[in-house]
Amino acid sequence: MADNAFVALTHSSTLRRLLYEALAALGLDPTDTYRRAYAGVALAAPLLEAREEHDNAPRFWQALEGISGDADIGLHLGEVMQPRPMDVVSYLLLAARDLRQGLQAFVRFQHILSGGFAARLQEQGEQARLVIDLNYREVGSLRQQMECLAVLLSKMLASAAGGELPLLGVEFRHRAPRKLTEHRRLLGVEPRFSQAHDVLILPRALLSRPSRSVSPRLFEVLSEEAEKQLAGLVENQLLVRVRYWLEVNLGSATCSLEACAQALGSNRSALQRALSEQGSSFRALHDEVRRLRALRLLDQGLGVRDVARACGFAELSPFYRAFRRWQGGTPRGPVSRHGATGE
């Protein structure tokens with residue numbers, strides 16, 4: 001079980017190739033922008049089949065506003081991006097029978113695009129809600145990335161649907177910026193901010209609109225290829241995905257079996273059963289993630305109360321009991337990963 005604990009999530013290089021083109025279109029040198037954002041960290045070229053470490057992405061998006069001097073750089077990148085098929089998932093979207101089948105494929109194979117995606121399609125009344133959460137360890141939702149992605153996806157869905165795609169609403173997890181003029185211009189609606197999820201809200205009737213490029217045979221072939229690619233991602237194993245979800249949410253949200261199952265597109269009993277079949281349980285994984293975070297934060301010199309809070313403990317006493325069970329001692333300072341606490 002421990003072998004999967006530190007498997008790094010990855011994402012495809014598709015978005016980075018689009019970003020290079022968009023940065024150039026906005027008059028920004030792509031190579032220099034990436035060099036400054038990553039401050040000397042070596043990056044591989046964005047090759048067609050390349051995978052990149054997912055948790056490196058925040059470096060770029062957090063630095064981009066300062067480098068560009070544009071407070072709405074994410075929106076403007078999405079505006080100049082030219083969406084086109086560049087991977088199996090985008091080809092599936094075009095070959096699908098209708099937008100519903102295309103979005104179901106997007107949700108099914110989302111981790112080919114990014115291991116950090118927690119996307120799902122919800123149909124409620126006359127609305128269809130496409131949740132596009134993109135999560136990172138110990139980093140909240142990235143404003144510029146999500147605003148870029150919202151504009152890009154709306155353009156891609158409009159192309160797949162064969163025409164205009166009037167959004168009924170957009171929701172973001174990040175806080176509202178001071179000005180919303182560009183949001184209204186590029187999204188067609190004024191987004192709601194500080195929401196539980198990042199969401200594009202569409203008219204449900206659009207999901208049934210026949211695709212102009214429908215190809216059942218091609219869709220079948222592409223689905224088979226996507227299944228192979230998905231199966232080849234070691235990081236997509238269930239234990240890794242549950243651990244990652246816990247790492248993202250620990251200390252900031254309720255880490256329940258039900259919430260995890262919903263985020264992974266499952267239900268409580270199915271997830272419980274699947275974990276049991278792999279010799280684990282949600283409780284055991286939750287405990288493991290808490291223990292590893294506590295040891296790391298204590299080694300970094302963080303105070304005990306702050307460590308307890310970051311590990312999801314509302315009170316100190318249950319944290320002390322858990323730590324004693326984990327390490328045989330109390331958390332009084334920097335901790336050895338191999339034994340009890342140090343003084």
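Just so you know, all these numbers are worked out from the coordinates, no wet-lab data involved. In this text, all values refer to a predicted model and were calculated from it rather than measured experimentally. Heads up, the Cβs are rebuilt from the backbone with ideal geometry, glycines too, and the neighbour counts pull from every protein chain shown.
Computed values, structure above
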{"read-out": "Packing-based order for 198-206, 316-324, using average beta carbon neighbours within 10 Å, highest first", "value": "198-206, 316-324"}
{"read-out": "Degrees between helix 238-249 axis and first principal axis of the chain (Cα, 0 to 90, nearest 10)", "value": "80 degrees"}
{"read-out": "Region 67-77 - phi-based ³J(HN,Hα) in whole Hz, Karplus 6.51/-1.76/1.60, Gly and Pro as x", "value": "5, 7, x, 10, 5, 10, 4, x, 4, 6, 5"}
{"read-out": "Full-extension gain in nm, R184 to A231, via 0.36 nm per residue minus C-alpha separation", "value": "12.9 nm"}
{"read-out": "Region 237-343: projected area of the alpha-carbon convex hull, averaged over directions, in nm²", "value": "6.7 nm²"}
{"read-out": "Net +/- balance of residues flanking L222 in space, Cβ distance below 15 Å, scoring K and R +1, D and E -1", "value": "-1"}
{"read-out": "Extension gain, E164 back to E220 (0.36 nm per residue minus Cα-Cα distance, nm)", "value": "17.5 nm"}
{"read-out": "Sequence-separation-based contact order of region 98-152, relative, with Cα cut under 8 Å and 6+ spacing, percent", "value": "22 percent"}
{"read-out": "Helix-derived mean residue ellipticity, 222 nm - over the chain, DSSP H n ≥ 4, -39500 (n - 2.57), to 500", "value": "-15000 deg cm²/dmol"}
{"read-out": "Distance cut-off 29 Å, percentage of C-alpha pairs in region 2-216 lying past it", "value": "23 percent"}
{"read-out": "Hz values of 3J(HN,Hα) by residue in region 290-295 - Karplus curve (6.51, -1.76, 1.60), Gly and Pro given as x", "value": "4, 4, 5, 5, 4, 4"}
{"read-out": "Region 78-146: equivalent-ellipsoid semi-axes (sqrt of 5 x gyration tensor eigenvalues, Cα, Å)", "value": "21, 17, 13"}
{"read-out": "Prolate/oblate/rounded call for region 160-246, Cα gyration tensor, a/c under 1.5 rounded", "value": "oblate"}
{"read-out": "For the chain: relative contact order, % (alpha-carbon pairs under 8 angstrom, 6 or more apart)", "value": "15 percent"}
{"read-out": "Cβ-derived FRET efficiency at R0 51 Å, N267 paired with V80, nearest 0.05", "value": "0.80"}
{"read-out": "Theoretical gain in end-to-end length, R283 to D32 [0.36 nm per residue, Cα-Cα removed]", "value": "85.8 nm"}
{"read-out": "Once the Cα gyration tensor of region 252-315 is diagonalised, semi-axes √(5λ) in Å", "value": "27, 13, 8"}
{"read-out": "Cα→Cβ-extended label distance, 7 Å offset, between Q124 and V139, nm", "value": "2.9 nm"}
{"read-out": "Cα gyration tensor, region 172-316 - rounded (a/c under 1.5), prolate or oblate", "value": "oblate"}
{"read-out": "Cα centroid separation - region 48-90 against region 280-319, whole Å", "value": "33 Å"}
{"read-out": "Efficiency of FRET between A274 and R209 - r from beta-carbon atoms, R0 51 angstrom, step 0.05", "value": "0.90"}
